[in-house]
1. Percent relative contact order of the range 1-56, based on C-alpha pairs within less than 8 angstrom and at least six residues apart?
2. Could you check the simple spin-label distance between residue 120 and residue 88, using points 7 Å along Cα→Cβ, in nm with one decimal?
3. Hey, got the dipole for the range 52-98? About the Cα centre, +1 on K and R Cβ, -1 on D and E Cβ, debye to the nearest 20?
4. Rg to Rh ratio, the range 32-99, alpha-carbon atoms and Kirkwood radius?
5. Which one, 52, 103, 37, has the greatest fluctuation when you compute a Gaussian network model over the chain with C-alpha springs under 10 angstrom?
6. For the range 6-119, with the dipole built from +1 on Lys and Arg beta-carbon atoms and -1 on Asp and Glu ones, taken about the Cα centre, which of 58, 33, 84 lies farthest toward the positive end?
7. Hey, which aspartates and glutamates would be in cross-link range of residue 6, C-alpha to C-alpha under 18 Å, not counting anything within fewer than 8 residues on its own chain?
8. Quick one: of the DSSP bridges fully inside the chain, what percent are antiparallel, nearest 5?
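Laboratory data are not the source of any read-out in this text; all were calculated from the coordinates shown. Not measured: the values here are computed from a predicted model. Here the Cβ positions follow ideal geometry from the backbone for every residue, glycine too, while neighbour counts run over all protein chains shown.
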Amino acid sequence: MGSVTKERATVICRQDDKILFVRKARRKWNLPGGRIEADEAPQQAALRELAEETGLQVDGLAYLAPLELYQTLHYVFETALLEPQRPQPLNEIADCRWFSLEELEQRSVNKSIRRLLKDCQRPD
């Protein structure tokens with residue numbers, strides 16, 4: 001086991017066949033999520049970060065797995081929006097968009113997120 005320097009709650013938010021991505025100004029695309037505060041459970045952090053970054057309110061998150069990538073331990077959660085919602089870039093987020101996995105091939109995506117999505121791929 002490598003040395004983990006950060007813990008992060010990460011959310012795979014699906015709508016139809018697309019996944020929600022966010023990005024800060026002039027940075028690579030990433031999944032919504034962020035640092036887990038001292039008094040938070042990973043799921044609370046995931047819900048908070050999703051709301052803070054995109055304004056989305058979701059009913060619940062399914063915990064997929066802990067995933068250690070590049071000195072970061074990601075607590076990976078998944079949710080599917082049953083009703084279409086329009087995410088808004090909030091706080092430090094400059095843009096948020098829905099991408100299909102095919103569209104991601106042409107995008108500049110954080111390398112750990114590419115790995116994470118591959119490792120968390122659901123069999124169809």
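1. Relative contact order for the range 1-56 comes out at 33 percent.
2. 2.5
3. 120
4. Using Cα coordinates only, the ratio equals 0.96.
5. Among 52, 103, 37, the largest GNM mean-square fluctuation belongs to 103.
6. Going by the charge dipole, the pick is 33.
7. Hits, sequence-local ones excluded: 37, 39, 40, 49, 68.
8. Around 65 percent of the beta bridges assigned by DSSP in the chain are antiparallel ones.
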